[in-house]
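Colleague: Structure in structure tokens, see below.
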Amino acid sequence: MLLQQKLLNQLSDNTKKLFANKCSFYEIPCYQYGTKEELGHAIGKMSRASIAITDEGLARAIAKYFDRND
């Protein structure tokens, strides 16, 4: 199952490195997106520092969006 981790600009450098290293080790795509508030709003929740996408179809669509808009 494809899993994507979204990181935010508001995370500390150490936390970003931790997520990036874990995603790299498990070969999981990793993307940064907006602020905690923007990410929370995008999923209909309060602010979130990170989310994991476990649905393969949704993960592919999100990856396509980020790859196209880099």
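The values are calculated or read from the model by the stated rules, or taken from the named source; none is laboratory data. From a predicted model like this one, the values you see are computed outputs, not experimental measurements. So basically every Cβ, Gly included, is an ideal-geometry build from the backbone, and we count neighbours across all protein chains shown. These accessible areas exclude ligands, DNA and RNA; they are computed on the full protein's heavy atoms, side chains included. Shrake-Rupley method; radii C 1.70, N 1.55, O 1.52, S 1.80 Å.
Colleague: Sort out which residues of the range 7-56 are open to solvent by 70 Å² or more (accessible area, probe 1.4 Å) and hydrophobic (A, V, I, L, M, F, W, C), and write them in order of number.
Modeller: Within the range 7-56, L18, F25, I43, M46 qualify.
Colleague: Right, something else. So the check is Cβ under 9 Å with 6+ separation or different chains; which pairs have a first residue in the range 28-42 that's under 12 Å from K16 (Cα atoms) and touching a residue at least 12 places away in the same chain (Cβ under 8 Å) and a second one that's crowded, with 16+ Cβ neighbours inside 10 Å and among the small types (G, A, S)?
Modeller: none
Colleague: Which members of the range 12-46 meet the condition of being modelled with pLDDT of 85 or more and of a type in the set (S, T, N, Q)?
Modeller: Once the filter is applied, which keeps residues that are modelled with pLDDT of 85 or more and of a type in the set (S, T, N, Q), the range 12-46 yields N14, N21, S24.
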